[in-house]
Every structure is written in structure tokens, then in C-alpha cells.
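Chemist: Let me give you the structure first, and then I'll get to my questions.
The values are calculated or read from the model by the stated rules, or taken from the named source; none is laboratory data. Predicted model only: the values in this text are computed from it and were never measured. Because the Cβ atoms are built from the backbone with ideal geometry, glycine has one as well, and the counts that use them run over all protein chains shown.
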Amino acid sequence: MVKVLHINATECTGCHQCEMACSYHHEGVFNPSKSRIKIFNFEETGRNVPYVCTQCADAWCLQACPVDAISVNADTGAKEVTAEICVGCKVCTIACPFGTINYNSVSTKVDKCDLCGGEPDCVKVCPTTALSFIEAENAGMEKMRHWAEKTDAGNQANS
Amino acid sequence: MSWTQKVLRVNLTNGTCDIEPLNMDWAKKYLGSRGLATKYYIEECDPKVDPLSEDNKLIFATGPLTGTAAPTSGRWTVITKGPLTGAIACSNSGGFFGAELKNAGWDMVIFEGKSAEPVYLDINNDKAELKDASSMWGKSVWDTEDMLRATSGDKDIRCASIGQAGESQVLFAAVVNDKDRAAGRSGVGAVMGSKNLKAVSCRGTLGVQVGDPMAFMQATGACNQILADNPVTGEGLPTYGTQVLMNVINETGALPTRNSADVQFEGANEIGGEAMAEPRASDGKANLVSNAACFGCPISCQRRSQMDPNHFSVEGQPKYHGNEGGLEYEAAWALGAATGVKDLEALTYCNYICNEYGMDPITLGSTIAAAMELYQMGVITDADTGGIALEFGSAEALCKICDQTGLGEGFGKEIGQGSKRLTEKYGHPELSMTVKGQEFPAYDPRGIQGMGLTYATSNRGACHLRSYTVASEVLGIPEKTDPLTSDGKAGLVKAFQDATAAFDAAGICIFTSFALTLDDVGPMVNADLEEEWTSETLLEVGERIWNLERKFNMDAGFTAADDTLPARLLKDAAKTGPAKGKVSELGKMLPEYYELRGWTADGVPSNETLNRLDL
């Protein structure tokens with residue numbers, strides 16, 4: 001059963017610990033600018049929203065790559081970039097509609113989320129439930145449950 | 001290690017930026033941030049320097065943990081001599097600017113001299129350049145940050161700037177970063193203004209390293225667990241923010257009300273954390289929208305607020321209708337209980353403009369309170385205030401006068417001098433609730449005895465953060481002591497002062513100390529720097545920093561006579577609540593404190609103490 005990195009932006013406080021965990025995992029330093037998961041702050045509403053590659057089943061990046069540097073990890077379902085094959089052509093960064101694969105000018109390869117091989121570090125350090133790693137087919141369950149309760153006419157007064 | 005070992009020295013007179021190596025001997029003795037920068041400051045500046053002259057220096061400093069994955073690693077400090085106090089000024093801020101500075105490869109920035117024209121410092125990794133800020137001069141902090149982002153084309157820059165208050169050298173002007181975080185006290189923003197330095201914009205993408213990453217992640221993981229499990233850091237602070245304290249301190253009978261005439265405020269319940277979360281009668285929405293975090297912080301005590309757009313203070317002004325940084329306890333106390341105003345929306349507006357114009361709400365509110373008492377006595381009249389009926393409890397007057405103060409207009413110009421100078425001018429210095437020129441905050445020493453000693457001996461003028469014994473006396477952290485007794489408080493204050501200095505120097509937030517001890521912090525520092533700090537050696541650094549600051553103040557002209565409290569606290573007994581009938585027993589605590597500190601009966605660090613601490 002495949003798991004997904006689930007985002008609940010309502011809970012995100014904007015602490016950026018996920019960005020540090022990600023950059024530490026991949027680069028060995030704390031560097032939010034090198035993180036594959038990013039936190040966006042929307043000033044008008046004051047909301048903090050994480051965003052990251054959502055591991056498309058039919059991935060544009062994988063299809064676009066001219067040297068087949070992107071492949072699927074059979075265990076995690078993550079789309080992974082093999083650095084040794086990647087030539088830094090950046091065609092994948094054009095193809096991805098979500099902008100979640102990006103060029104790293106220091107390594108001259110592209111970086112994207114690979115779910116840390118199955119135990120995402122960002123989820124481990126998130127102090128709230130903004131990030132979770134859950135069964136893909138249950139991703140909507142909590143929200144459904146919330147609205148189920150609201151719409152339950154039998155549970156309301158005077159019914 | 002996380003130190004980049006690079007200091008940026010900015011000579012504003014010459015318009016130059018130079019790199020220097022960080023003094024690693026001093027880093028080992030003073031740890032970082034507050035400690036290290038104070039050492040630099042004291043070595044380079046004359047203790048008698050005029051804080052607003054070009055000979056004063058201004059230092060922005062990070063600690064070793066700043067910018068790492070340590071919890072609350074966003075902290076940084078601004079060090080200078082305070083124009084409000086004439087004492088060492090060390091103001092700590094959160095947000096994101098400090099971590100960005102570290103990521104850009106700088107441990108510290110030292111500003112010296114004075115620019116002929118308004119400038120800002122633009123840092124982009126190792127590129128640092130002074131640029132023309134004339135188009136930003138006269139603009140608020142909020143507009144300045146927007147302009148800096150537009151000019152650079154980079155949304156991700158972090159900024160620290162002054163607003164109109166710093167430019168006009170309001171003596172309690174703040175340096176505001178990330179729009180609503182601040183190095184708030186003692187007028188550090190006025191020093192920046194006196195140098196024609198409008199802002200610092202920073203982008204850092206180099207990353208921050210630690211010496212032993214595996215050990216570091218283990219240590220931080222352990223600390224994160226402790227913080228999550230602790231009721232203050234894991235629940236109280238994220239839910240209600242520091243505003244969780246309003247009702248608590250009021251019930252303790254230690255909420256200074258109407259310029260400390262009383263110790264309890266009948267309106268406390270309307271201006272605290274719970275009130276912020278309640279839907280308003282006016283529009284059904286709550287003042288509080290959410291909490292938020294500073295860089296690296298799992299506690300997330302920031303308040304995000306949204307005002308009622310029809311409130312008189314913001315009607316027709318859409319810039320205040322969105323999501324902004326909301327009230328902290330100290331601000332709500334100073335603007336509310338101290339002035340008797342219980343209109344939560346009005347307090348929220350005044351707090352917004354403290355961030356917008358760049359002012360310390362504690363000194364602002366307390367000064368307005370003193371002015372209100374003068375008005376009540378008829379010493380100040382409408383002729384002085386330009387028609388503002390400066391009455392205790394008047395939300396309208398509060399909002400008007402806060403506006404004027406930020407913009408340097410009308411009677412606000414006098415408020416901008418702080419309560420010590422204001423009350424002296426009008427012949428009633430006893431109405432200034434200050435120590436060493438700085439207004440004390442939201443804890444009345446008559447109700448929480450240890451805080452009396454805290455205010456009297458704080459090295460930067462009255463301040464709750466130097467030794468927050470409220471943690472012990474009210475919250476029971478680490479152990480409950482009786483707030484109404486002065487027994488044992490000398491030792492308690494000293495212990496808090498030394499430990500706090502160590503937390504400050506490490507580059508993390510003092511709020512972690514509700515849950516962590518130096519035994520928890522040590523492993524993080526050690527894994528970072530590959531050194532062997534223990535809680536004992538960290539405490540010793542704290543003690544060293546304390547004595548260094550004290551010695552500077554004595555050289556600047558302070559004496560034991562300045563380790564005192566306003567007469568009102570020493571003579572006028574609390575009228576209600578658990579502390580009814582009590583005054584501050586400072587006189588009982590001070591001599592014991594001097595002895596525990598290893599100081600003479602005149603409060604001077606003895607040679608023996610200075611030698612022991614290598615000073």
C-alpha cells in the first residue's frame with residue numbers, strides 16, 4: 001500500500017523545520033533554500049502552506065526526461081532522480097506543472113522529493129500535523145469524517 | 001561548526017563593508033550572541049559614549065545555534081548602548097532575519113560611524129553593499145520591507161528595519177524584522193536612525209553546518225520531545241501565546257494597573273488570551289486567527305490577528321484589515337492595564353502601529369500611563385495634549401497618542417522621550433515606573449517579590465526577561481516558590497540571570513527554558529561546536545556575561561543607588577488581591593544579592609569575582 005506525504009496547511013505554523021530536515025538529509029547542512037519541500041507564507045491571510053512533489057502516478061518529469069534519469073522506486077512509489085544519469089538539461093523542470101522539481105546549480109542536477117526512501121524526515125520533525133505520511137487511499141478520510149459529522153441531520157437538534 | 005567565523009564590519013561614514021575573522025577566543029569565553037557581541041561592544045566603545053552620536057556602535061549578532069535545526073534557532077540580538085537608559089542595551093529578537101544572516105555566511109555585523117545620507121545594507125551571501133535608502137526614509141517598517149522586496153525582485157529576502165520612530169529617534173524606537181518581530185527595548189532603533197541606517201536586507205543560501213550532525217540531531221530530537229510534552233511550551237503558549245498570562249497574573253494580584261496605582265485590573269478578562277479567541281460581539285469573528293512560529297520553533301507562540309474593519313481605529317484604512325502580528329502579553333498589559341483601556345481592538349491597533357512605526361509597546365504604554373496620571377492630576381491639560389483628553393481608560397486617546405508618538409507629532413513627541421524624561425519635565429519624576437530609565441513591564445513587584453529584585457538589578461534597565469522568576473514564583477518552573485515572600489529570592493534571581501544569559505548567548509529562545517535546562521542545551525552546543533560544554537560551564541558563561549555588562553554600566557556612571565525601584569512600589573501597598581498590604585521588599589533582597597554575586601556592599605564586582613571569571 002503506497003503512502004503519501006499529506007499536507008494540512010491549516011496546521012502549518014511556518015517554522016521551516018521541514019526545510020532544514022530535508023536539506024540536512026540530502027546535503028548534510030541546514031539550508032532551507034536547498035530544501036525540496038518549501039513553505040509559502042501568504043501575507044494577506046497569514047497562512048503558511050507547505051508544498052512539495054506529490055509523486056504523480058503518471059509523472060511528467062519522468063516522461064520528459066531524455067536520458068531516463070527519473071525512475072519509480074518500487075517500494076515507495078517515489079519518482080527519484082539518478083544523479084549519475086542526469087545531465088542537467090532541465091526539461092523536467094519545464095514539464096512539471098507544479099514546479100516541484102528544480103535545478104541545483106551547485107550540483108548541476110535536478111532535485112526533487114524522494115520521500116527519503118520511505119521515511120520522510122520532514123514529517124518526523126514537523127511539530128504539528130501539517131505534514132503526515134499516510135496511506136494514499138485514506139488521504140481524505142479525516143476531512144470526510146469532519147464533514148460527515150457536520151452533515152449528519154440526525155445528529156442535530158429538532159430532527 | 002556553525003560559526004562562519006566571519007564578521008561584517010560596516011563603516012557608515014566611509015560607506016565601506018569589510019570582512020574580519022570572528023574572535024574565536026572570545027567565542028569560547030562568551031559563547032555567542034548576547035555574550036560575544038557585548039564583549040565586542042565593550043572592547044570597542046567608550047562607556048561614556050553618547051548613544052545617539054556617531055561614535056556609538058551597533059551590533060547585530062547570532063549565536064552558535066542560530067540557523068541550525070535546534071528548536072527556536074531563529075534568535076539574534078542587537079547590542080549597543082541604549083539611548084533610553086545610558087546602559088548596555090541588548091535586545092533579542094526572533095522571526096527569520098537572524099537565521100538568514102547565518103545562512104548568508106555572517107556571524108555578526110558591526111555598524112560604526114554615521115552615513116551622510118539614508119542607506120540600507122544589502123546582504124546577499126558574501127556580497128554586502130550599502131545602498132541608497134532615500135526613497136524609503138520616512139516610510140514605515142511595513143512599506144520599507146515591501147520596497148526592499150520589490151527593489152531586489154526577491155520575495156525571499158528577510159529584512160530588519162526602522163520605521164518613522166527610529167528615524168526621529170524616539171528613545172524607545174525598535175528594530176523590527178519580518179514585519180512584526182522586534183529587538184524592542186532601550187531604543188536600539190533610535191541608534192540605527194541616528195546613523196541614517198534605514199534597513200538591512202538579507203538573503204542567505206549557503207547553509208549552516210554543525211560539527212557532529214548525528215549527535216546534533218539526537219540532541220535536538222530529545223529537546224523537541226521535552227518541549228512538546230511540557231504544558232507551557234507544548235500547549236499553553238501555542239494556544240494563547242504569552243497572552244495566556246493576563247488572567248493568571250491578574251489573579252496573582254500582580255498586574256500593574258493605571259500606572260501601578262493598583263495591582264489588579266477589572267478589565268483583564270477582556271484583553272487577555274481567552275478574549276482574543278472569543279468571537280467579537282461586533283462581527284462574530286475572533287481577534288485571533290491563528291498562531292505562528294519563528295524560524296525553527298516548535299512552540300509557535302506568535303499571534304496572528306485580524307481586526308474588526310469597522311472599529312473606529314481602523315475604519316477606512318484597509319492596510320489594517322488583513323492578517324497582522326497580534327498582541328503579546330507585555331504589549332496588551334502596557335497599552336491596556338497600565339492605561340486602563342480594555343478595548344481589545346484598540347490595543348490590537350496600537351500594537352500594529354508599534355510594529356509599523358517601530359516602537360517598544362512596553363515603554364510606550366507605560367509612558368502614556370504616566371502622562372495619563374499627570375493629566376488626571378491636572379498637571380498636564382488639553383492645552384499640552386493638543387486637545388486629546390488623556391484619561392485613564394480612554395481607547396480614543398490611547399490610539400491618537402500612539403499614532404502621534406510613532407509619527408513624532410504633537411504631544412506624541414513628548415511621549416517619545418519615555419516616562420522618565422516626561423515626568424521630570426512636568427515636575428513629577430516619582431510617576432515614572434522605571435529603573436535606570438527603562439519602564440518595567442507586566443509584573444508588579446508588590447505581588448511577585450522576586451521581580452522587584454529583577455527590575456532593580458537588570459543590566460539593561462527594568463526588564464522581565466533578564467531573570468524571569470515569574471516562572472518559579474507563579475508557574476512553578478522549575479520549582480514553585482512563594483511570590484509574596486522575599487526570602488530566597490536573591491539566589492533565585494541570580495540563578496535565573498546567569499542561566500538566561502547562557503540561553504541568550506546560545507542563540508535560542510528563552511521560552512525553551514520553561515521546559516529545557518542547560519543540561520539539555522549543552523549537548524546541542526557540543527554537537528554543533530565539537531566542544532565540551534556542561535551546564536556548569538554554561539552557567540559560568542552566563543555569570544561572566546552578567547558581570548561584563550555590570551562592569552560596563554558602572555564605567556558608564558551607574559552606581560548601586562540606581563539599583564532601586566520607583567517609590568510607589570517601595571511605599572504604596574498593594575490595595576487588593578493576594579498581595580494586599582504588601583510593598584516591594586527590595587531592601588531585604590539587595591544586600592544578599594550583592595553578596596551572592598561576589599560584589600561589594602556598593603554593588604561593584606570585586607576583583608576576586610572578576611579574576612575568577614577571567615574579566
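Chemist: B:Thr481: surrounded by fewer than 21 Cβ atoms within 10 Å (Cβ to Cβ) and either polar (S, T, N, Q) or in contact with a strand residue (DSSP E or B) (Cβ under 6 Å, 6 or more places away or on another chain) (or both), yes or no? Talk me through it step by step, then tell me what you get.
Modeler: Values: surrounded by fewer than 21 Cβ atoms within 10 Å (Cβ to Cβ): yes; either polar (S, T, N, Q) or in contact with a strand residue (DSSP E or B) (Cβ under 6 Å, 6 or more places away or on another chain) (or both): yes.
Answer is yes for this residue.
Chemist: Looking only at region A:8-21, decide whether some residue is in contact with a Gly (Cβ under 8 Å, 6 or more places away or on another chain), assigned to a loop (DSSP other than H, G, I, E, B) and modelled with pLDDT under 95.
Modeler: Going through region A:8-21, the residues in contact with a Gly (Cβ under 8 Å, 6 or more places away or on another chain) turn out to be A:15-17, A:20.
Going one step further and asking which of them are assigned to a loop (DSSP other than H, G, I, E, B), we end up with A:15-16.
Subset that is modelled with pLDDT under 95: none.
There is no residue in region A:8-21 that is in contact with a Gly (Cβ under 8 Å, 6 or more places away or on another chain), assigned to a loop (DSSP other than H, G, I, E, B) and modelled with pLDDT under 95.
Here is a yes/no grid of residues against (1) in contact with a strand residue (DSSP E or B) (Cβ under 7 Å, 6 or more places away or on another chain); (2) modelled with pLDDT under 95; (3) within 30 Å of B:Gln264 (Cα to Cα):
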residue: B:Met554; (1), (2), (3): no, no, no
residue: B:Leu565; (1), (2), (3): yes, no, yes
residue: B:Val583; (1), (2), (3): no, no, yes
residue: B:Tyr594; (1), (2), (3): no, no, no
residue: B:Val604; (1), (2), (3): no, no, no
residue: B:Leu615; (1), (2), (3): no, yes, no
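Chemist: Also: Of all residues in region B:210-231, count the ones that are more than 10 Å from every other protein chain (Cβ to nearest Cβ) and either more than 21 Å from B:Glu274 (Cβ to Cβ) or buried (at least 19 other Cβ atoms within 10 Å of the Cβ) (or both).
Modeler: Going through region B:210-231 one residue at a time, the tally reaches 11.
Chemist: For region B:314-331: of the residues being away from every other protein chain (no Cβ under 11 Å) and closer than 29 Å to B:Tyr443 by Cα, which is surrounded by the most Cβ atoms within 10 Å (Cβ to Cβ)?
Modeler: B:Leu327
Chemist: Next up: Keeping to region B:232-243, report how many residues are within 11 Å of chain A (Cβ to nearest Cβ) and over 22 Å from the mean Cα position of the chain (by Cα).
Modeler: Counting residues in region B:232-243 that are within 11 Å of chain A (Cβ to nearest Cβ) and over 22 Å from the mean Cα position of the chain (by Cα) gives 1.
Chemist: Looking only at region B:460-476, decide whether some residue is assigned to a loop (DSSP other than H, G, I, E, B), free of Cβ contacts under 8 Å to residues at least 12 places away in the same chain and more than 16 Å from the chain's Cα centre (by Cα). Write out each step before concluding.
Modeler: First pass over region B:460-476, keeping only residues assigned to a loop (DSSP other than H, G, I, E, B): B:460, B:462-469, B:474-476.
Among the residues that remain, those that are also free of Cβ contacts under 8 Å to residues at least 12 places away in the same chain are: B:476.
Now drop any that are not more than 16 Å from the chain's Cα centre (by Cα), which leaves B:476.
Yes.
Chemist: Within region A:68-80, take every residue that is small (Gly, Ala, Ser) and under 14 Å from the mean Cα position of the chain (by Cα) and give me the one that is farthest from the other protein chains (Cβ to nearest Cβ).
Modeler: A:Gly77
Chemist: With respect to B:Asp55, is the statement that it is modelled with pLDDT of 95 or more and assigned to a loop (DSSP other than H, G, I, E, B) true?
Modeler: yes
Chemist: Quick one: is B:Asp154 within 14 Å of chain A (Cβ to nearest Cβ) and surrounded by fewer than 24 Cβ atoms within 10 Å (Cβ to Cβ)?
Modeler: So B:Asp154 fits the description; yes.
Chemist: Looking at region B:530-544, which of its residues are free of Cβ contacts under 8 Å to residues at least 40 places away in the same chain, among the charged types (D, E, K, R) and over 20 Å from B:Met24 (Cβ atoms)?
Modeler: B:Glu536 - this is the single residue of region B:530-544 that is free of Cβ contacts under 8 Å to residues at least 40 places away in the same chain, among the charged types (D, E, K, R) and over 20 Å from B:Met24 (Cβ atoms).
Conditions (1) modelled with pLDDT of 95 or more; (2) under 26 Å from the mean Cα position of the chain (by Cα); (3) over 19 Å from B:Phe496 (Cβ atoms); (4) of a type in the set (S, T, N, Q), marked per residue:
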position: B:Ile510; (1), (2), (3), (4): yes, yes, no, no
position: B:Leu516; (1), (2), (3), (4): yes, yes, no, no
position: B:Asp519; (1), (2), (3), (4): yes, yes, no, no
position: B:Glu531; (1), (2), (3), (4): yes, no, yes, no
position: B:Gly542; (1), (2), (3), (4): yes, yes, no, no
position: B:Phe558; (1), (2), (3), (4): yes, yes, yes, no
position: B:Leu569; (1), (2), (3), (4): yes, yes, yes, no
position: B:Ala579; (1), (2), (3), (4): yes, no, yes, no
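Chemist: If you don't mind, another one. Could you check, for region B:170-192, whether at least one of its residues is over 18 Å from the mean Cα position of the chain (by Cα) and not in a helix (DSSP H, G or I)? So that I can check it myself, show each step before the final result.
Modeler: Filtering region B:170-192 down to residues over 18 Å from the mean Cα position of the chain (by Cα) leaves none.
No, the conditions are met nowhere in region B:170-192.
Chemist: Which of (1) within 21 Å of B:Ile508 (Cα to Cα); (2) away from chain A (no Cβ under 14 Å); (3) touching a Phe, Trp or Tyr at 6+ places or on another chain (Cβ under 8 Å) does B:Tyr30 not meet, given it meets every other one?
Modeler: With (1) within 21 Å of B:Ile508 (Cα to Cα); (2) away from chain A (no Cβ under 14 Å); (3) touching a Phe, Trp or Tyr at 6+ places or on another chain (Cβ under 8 Å) applied to B:Tyr30, the lone miss is (3).
Okay, residues lined up against (1) without any contact (Cβ under 8 Å) to a residue 24 or more places away in the chain; (2) buried (at least 20 other Cβ atoms within 10 Å of the Cβ); (3) of a type in the set (A, V, I, L, M); (4) within 14 Å of chain B (Cβ to nearest Cβ):
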residue: A:Cys15; (1), (2), (3), (4): no, yes, no, yes
residue: A:Ser23; (1), (2), (3), (4): yes, yes, no, yes
residue: A:Asn31; (1), (2), (3), (4): yes, yes, no, yes
residue: A:Phe40; (1), (2), (3), (4): yes, no, no, yes
residue: A:Gly46; (1), (2), (3), (4): yes, yes, no, yes
residue: A:Thr54; (1), (2), (3), (4): no, no, no, no
residue: A:Gln63; (1), (2), (3), (4): no, no, no, no
residue: A:Pro66; (1), (2), (3), (4): no, no, no, no
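Chemist: Go over the candidates A:Asp111, A:Asp75 one by one and state the one that is among the charged types (D, E, K, R) and loosely packed, with under 13 Cβ neighbours inside 10 Å.
Modeler: So the residue among A:Asp111, A:Asp75 that is among the charged types (D, E, K, R) and loosely packed, with under 13 Cβ neighbours inside 10 Å is A:Asp75.
Chemist: Please work out if A:Cys96 is surrounded by 15 or more Cβ atoms within 10 Å (Cβ to Cβ) and within 10 Å of chain B (Cβ to nearest Cβ).
Modeler: no
Chemist: For region B:279-313, which residues satisfy the criterion of being more than 8 Å from chain A (Cβ to nearest Cβ), surrounded by 24 or more Cβ atoms within 10 Å (Cβ to Cβ) and over 15 Å from B:Tyr240 (Cα atoms)?
Modeler: Listed by number, the residues that qualify are B:Met307, B:Ser313.
Chemist: Just for region B:122-138: of the residues that are assigned to a strand (DSSP E or B) and among the hydrophobic types (A, V, I, L, M, F, W, C), which one is surrounded by the most Cβ atoms within 10 Å (Cβ to Cβ)?
Modeler: Out of the qualifying residues, it is B:Ile123.
Chemist: Pairs only if they're at least six apart or on different chains, beta carbon under 6 angstrom, first in region B:11-29 and touching a residue at least 12 places away in the same chain (Cβ under 8 Å), second part of a helix (DSSP H, G or I) and surrounded by 13 or more Cβ atoms within 10 Å (Cβ to Cβ); list them, first residue then second.
Modeler: What qualifies is B:Trp26/B:Leu36; B:Trp26/B:Lys39; B:Ala27/B:Leu36.
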